[in-house]
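Read-outs: derived from the displayed coordinates by stated rules, not from any lab. Predicted, not measured: the structure shown is a model, and the values here were computed from it. Note: ideal-geometry Cβ built from the backbone for every residue, glycine included; neighbour counts use all protein chains shown.
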Amino acid sequence: MLKRLFLTTIASVAIGMVASSISTAQDANSKADISHGRDLARANCATCHAVTIDGASPLHQAVPFWRMTIHRDVTTIERDLLNHALPQNNVMPVFNLTAKQARDIAAWIAWVQPRAHGKRILEANCAKCHAISAQGDSPHPDAPLFRELMQFYPVDAIEEAFSQGIETTHPDMPIFKMTELQVADVIVYLQSIQSEK
Ligand code: HEC
Ligand code: HEC
């Protein structure tokens, strides 16, 4: 009981922070603001949830944000946040969010998903030569389409190449080395775009 009371107190302090940090932009139709969602998550959710692209939650029952879409899509999460339809238990506090706050937090949750993170890495580093989506040609004529990569290489070969540094014989292909997290998230993205053999 004491624990519950304690957590409720934290939660109401946190909600107070939301209320004071939000003054403008309550337009229900405005576009989601990802960095606003991140700020809300840091201020209100990070005591329990891991709220970035990686890491374990401080409270182990609280699903890390980066895993939250495994069972439910972001739209459902947004709706549930707004309607207080999240799993009810004695730990997760009820947040009275505006539509915009719920949308911005949901947009942040979408942003930290492994697939989205993997896609951003490829967009930033590879897209100027490789086709990185399910359609389209590679801007560089010799660069393989990423959606066909797994027809030629098994996942563990790609994992190894990305983490140890991909080197090709082609003079235009730069050498890249990725962290373990980057490799894992790029693989999640690549798997999602592979075309049928
Ligand atoms: C005091 C701790 C605590 C805080 C603060 C907290 N949560 Fe949670 N949250 C939990 C716990 C514990 C669960 C798991 C509940 C369960 O599965 O029954 C949970 C579950 C959830 C779920 C459902 C996940 C799923 O897959 O079912 C969502 C979404 C969620 N929280 C979002 C948030 C957001 C957004 C915030 C900040 C605005 C937040 N939580 C703040 C403890 C917290
Ligand atoms: C400046 C252009 C350029 C950029 C940027 C680039 N590539 Fe490439 N990449 C190429 C070319 C050209 C080839 C074809 C190499 C060959 O045929 O030997 C290639 C080949 C590859 C191959 C196949 C290697 C093989 O041996 O068949 C992989 C995997 C690959 N690139 C991954 C990436 C990744 C991941 C990134 C971003 C982190 C990236 N490339 C960025 C030009 C590029």
Practice task
Hey, can you grab everything whose amide H is under 5 Å from the amide H of Phe176? Only 5+ residues off in sequence or another chain; H modelled, so Pro and N-termini drop out.
Solution key: Ile166
Fill in the blank from the handout: The FRET efficiency for Lys31 and Gln194, from their Cβ-Cβ distance with R0 = 25 Å and rounded to 0.05, is 0.25
Fill in the blank from the handout: Counting only residues 5 or more apart in sequence or on a different chain, those whose built amide H sits under 5 Å from that of Ser138 are Ala131
Exercise for the section: Would you mind working out the magnitude of the charge dipole of the range 39-197 relative to its Cα centre, with +1 at each Lys and Arg C-beta and -1 at each Asp and Glu C-beta, to the nearest 20 Debye? Expected result: 640 debye
Completion exercise
Here the range 84-92 yields Karplus 3J(HN,Hα) values (6.51, -1.76, 1.60; θ = phi - 60°; whole Hz; Gly and Pro given as x) of 6, 9, 6, x, 8, 8, 8, 10, 6
Problem - Dipole magnitude of the range 115-193 about its Cα centre (Cβ charges: Lys, Arg +1; Asp, Glu -1), debye to nearest 20 - result: 300 debye
Practice task
Would you mind computing, in nm to one decimal, how far apart the modelled labels at Gln164 and Ala85 are, each placed 7 Å from Cα along Cα→Cβ?
Solution key: 4.9 nm
Practice task
For His60 and Lys177, calculate 0.36 nm times their separation in residues minus their Cα-Cα distance, and state this gained length in nm to one decimal.
Solution key: 38.9 nm
Handout entry: Theoretical FRET efficiency, 1/(1+(r/R0)^6), r = Cβ-Cβ of Lys128 and Phe152, R0 22 Å, to 0.05
Key = 0.55
